[in-house]
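This report concerns only the one structure given below.
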Number of protein chains: 2
Amino acid sequence: MSRRAPVGLSRRGLLGGGAALAGAAGAFAVGRESSHAGSGPASAGDVRQASYAFRGEHQAGITTPAQDRLHFAAFDVVTDSRDDLVDLLQRWTDAAEQMTRGEPTGAGAVDGDVNLPPDDTGEALGLPASGLTITVGFGPSLFRDADGRDRFGLADRLPAALRELPHFPGDALDPARSGGDLCVQACADDPQVAVHAIRNLARLGFGAVSVRWSQLGFGRTSTTSTSQSTPRNLFGFKDGTANVKAEEAAALDEHVWVGADDDPAAGWLTGGSYLVARRITMHVETWDRQTLGDQESFVGRTKGTGAPLSGGDEQTPPDFDMPGSDDQPVIPVDSHVRVVHPDQHGGVRMLRRGYNFVDGSNALGGLDAGLFFLAYVRDPGTHFVPVQLAMSKHDAMAEYLQVTGSALFAVPPGAAPGEHLGQALFA
Amino acid sequence: MSRRAPVGLSRRGLLGGGAALAGAAGAFAVGRESSHAGSGPASAGDVRQASYAFRGEHQAGITTPAQDRLHFAAFDVVTDSRDDLVDLLQRWTDAAEQMTRGEPTGAGAVDGDVNLPPDDTGEALGLPASGLTITVGFGPSLFRDADGRDRFGLADRLPAALRELPHFPGDALDPARSGGDLCVQACADDPQVAVHAIRNLARLGFGAVSVRWSQLGFGRTSTTSTSQSTPRNLFGFKDGTANVKAEEAAALDEHVWVGADDDPAAGWLTGGSYLVARRITMHVETWDRQTLGDQESFVGRTKGTGAPLSGGDEQTPPDFDMPGSDDQPVIPVDSHVRVVHPDQHGGVRMLRRGYNFVDGSNALGGLDAGLFFLAYVRDPGTHFVPVQLAMSKHDAMAEYLQVTGSALFAVPPGAAPGEHLGQALFA
């Protein structure tokens, strides 16, 4: 496992005119990682000054300590040329490497020829790297389109596990928020930096890709490192307590990273992962009218500390056998924590990386709010589908949820020096 | 003018079970105000720990140093009862006072009766006050509906200036993003805190109001205090350089606060202001294909430092008479900075408080991105309409903009101790 430590401290602004940049002028913030803290100490270091290496054994943005903000985009490839697609991935690799260092793309927003469009759009000038990570994935439709056509000569490399997810009870998928040939997950501790990254990759892809759908997330709902505290979702509960974390190397190999022998057709995906993206609308107004006791029994944890209803604190394993007062277990059989728990699914775990979202209002006079669920798994067939099926059938919380978007992507390993993202797929 | 200094340091979590809260555990961040810095030093103090007093001569959230994140909502009043409306404003006042102190609403999310719905939704438990301000306004339709009906006995107190804005060239207004009987502007340095505020006010208004539209903004585009640096909009340019600032008491009285003699029908609005809200879609993909030279001539400033094209630095006043190389002024006559400059409009100024937004993608394969323009003025008829008219007719930048939402509100003065927001209107 390649752990990514902060490698840089400041965005090089590359401003014309020699202007000094306050953003690079040594402002340090301590403890912003505690932004959604419910427990645990704030970690030291300014997360906005952090910068994560783009290249490595695995792509950054998976085990990287979950940043606070997200901009996620799915793209349709609009060219038929394999060369154009490879060229796009090369341009994205170059730009991602620059932006994650805190630099503008290309020659920058103001340092080029005034008679040409700038190489960078400029809205992140003066901002630090802000812990930006850029993570790219390939959807099933990149390998074969809806008619089964081999678009780019990749069909024989389609991973067996990269198939459209089945329909689950409760799904109400909007095609305009689902699928995609490519995806880019941009996470950062400043939303303007995340938006800048997606926008510039879209700009660099003009003629090769167009944005199919795009989702902003304002608050992380997961912890991917033991250094982080547990945030809260829009039901007001701590979320992500039992996540696979960066420090669990063996669990990552078992549950997150694709192994060399997993799929003979997809050796190019070794060291990569699968990304499940689900836009989960939460009926928050209905939830808010449930009693505290009911909310806690739906979740299986207390709202205050996040402890399981069987007692202890947030980190205490739930005791699903502990009897309650009415011949039923104290953690109800239809509670969320029980239905999705690894104990119910042969021990499979996911690395979740979701974000809270609010996308304006809905037709009912409430907020269009929810959780943009992101999970990295070694095999969606074993690590996601059974869990989601159980949840949609048996989870008491599912009554307050509706899945309005869905996509699955194969996330290649990290780019080695001199290579572009996904190079092994095209080799 | 009542300047609002930070009055508190931490959110009181009110968690059951005696859990310690990392969010209140003394994590200090220095310099987050430099988040969008292009110049100027970072200010000291942790803005996420800041808390602004809710009560005062003016409502907070106008001259308060512009926080980084926004959640704005417009509401339809769905009750016919004046008493219910007054009761709503009392509940909003109480809740706003609690939340801006960093406390949950009512008894909190976990400290009430387990057999009742919680008084607070809980997603901000453990988060500091984060500089939250809540600012409430009244739309023209609160006084008279579309049929001219006096809904709540307020028609004789309708301010003369509170009339629907005229249609401007370039407006493409979506009724579902326009208007509203009431508005709430929630600004904070943590988006989860801003969202929590809007959501809980909507929840407390159940039966009296429903959300008409709602807008998140991820990055401030204005400075309302000389302590702040100038951020960038999604055209990549510094925005808000010449804004009216909190430190300019005389200018605030002249341009922002409604005077006691301004409107005989609306004495209740003395010390208040008018809020113009405009959702401005920016065609960023088209903009990005313009040359650097063209972009700068459209704006009238350099992209790097924000200096006017007539020279100097960002703060240097533009010299509109300086000749260029082609018998035209060096700052083009159709440049944005010139068209909207106070010198062209009898010296009128606005206090702008806008935010960058991205609301997913559009049908053209690009981002649904733009600027959510918010401006506080003493009189929209003199301080906004002429400037907007000039801009939509003569501004070269207008070709890259489309106004997709619009609303106008009268923002009452701050609530005095023991009073609710807008109490003078109902007296």
Cross-link table A:LYS238/B:LYS238; B:LYS245/B:LYS393; B:LYS238/B:LYS393; A:LYS303/B:LYS238, entries beyond 31 Å C-alpha to C-alpha: A:LYS238/B:LYS238; A:LYS303/B:LYS238
Can you list the distances in nanometres, one decimal and ascending, from the A:GLY148 label point to the identical position in each other copy, with the point 7 Å along Cα to Cβ? 6.9
Stokes-Einstein diffusion coefficient of the stretch B:256-313, Kirkwood radius over Cα pairs, 10 °C, 1.306 mPa s, in µm²/s: 104 µm²/s
Taking every alpha carbon pair in the protein assembly as shown and sorting the distances into 10 angstrom bins from 0 up to the bin holding the longest one, the percent per bin comes out as 2, 13, 24, 26, 20, 11, 3, 0, 0, 0
In whole Å, what are the Cα extents of the stretch B:137-292 along the three principal axes, biggest one first? 54, 37, 37
Starting from the amide H of B:ARG212, placed 1.01 Å from N in the peptide plane, find each other amide H under 5 Å away whose residue is 5 or more places distant or on another chain. B:ALA74, B:PHE75, B:ASP76
Longest site-free stretch - chain B; sites: chymotrypsin sites (Phe, Trp or Tyr not before Pro), DSSP loop, at most 15 other Cβ within 10 Å: B:207-427
With R₀ set to 51 angstrom, the calculated FRET efficiency between the beta-carbons of A:HIS345 and B:GLU247, to the nearest 0.05, is 0.30
Computed over the Cα atoms, what is the radius of gyration of the stretch B:127-185 divided by 2.2 N^0.38 Å, N being its residue count? 1.45
B:THR382 paired with B:GLN90, simple spin-label distance in nm, labels 7 Å along Cα-to-beta-carbon: 3.8 nm
Alpha carbons only, please: Rg and Dmax for the stretch A:51-426, in angstrom. 20.9, 78
If R₀ is 22 angstrom, what is the calculated FRET efficiency for the pair B:GLU419 and B:ALA107, using the beta carbon separation as r and rounding to 0.05? 0.45
FRET efficiency for A:HIS394 and A:SER225 from the Cβ-Cβ distance with R0 = 35 Å, rounded to 0.05, comes out at 0.65
Could I have the simple spin-label model distance between A:LEU116 and A:THR316, label points 7 Å from Cα toward Cβ, reported in nm to one decimal? 6.4 nm
Modelled label reach - B:ALA265, point 7 Å along Cα→Cβ, the stretch B:113-149 residues with backbone N closer than 18 Å: B:138-149
With viscosity set to 1.002 mPa s and temperature to 20 °C, compute the Stokes-Einstein D of the stretch B:285-427, Rh being the Kirkwood radius across alpha carbon pairs; µm²/s, no decimals. 121 µm²/s
With θ set to phi - 60° and the Karplus curve 6.51 cos²θ - 1.76 cosθ + 1.60, what are the ³J(HN,Hα) couplings of the stretch B:168-174 in order, to the nearest whole Hz, using x for Gly and Pro? 10, x, x, 5, 9, 6, 8
What are the nm distances, shortest first, from B:ALA265 to its equivalents in the other copies, labels at 7 Å along Cα→Cβ? 7.2
I'm a student and want to see the number: the projected area of the Cα convex hull of the stretch A:216-356, averaged over all directions, in nm². 10.4 nm²
Obtain the nm distance between the two label points defined at B:ASP174 and B:VAL78 by a simple spin-label model: each point lies 7 Å from its Cα along the Cα-to-C-beta direction. 2.1 nm
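Rule-based calculations on the coordinates, nothing more; no lab input. Here the structure is a predicted model, which is why all the values come from computation and not from measurement. FYI the Cβ positions are ideal-geometry reconstructions off the backbone, even for glycines, and counts take in every protein chain you see.
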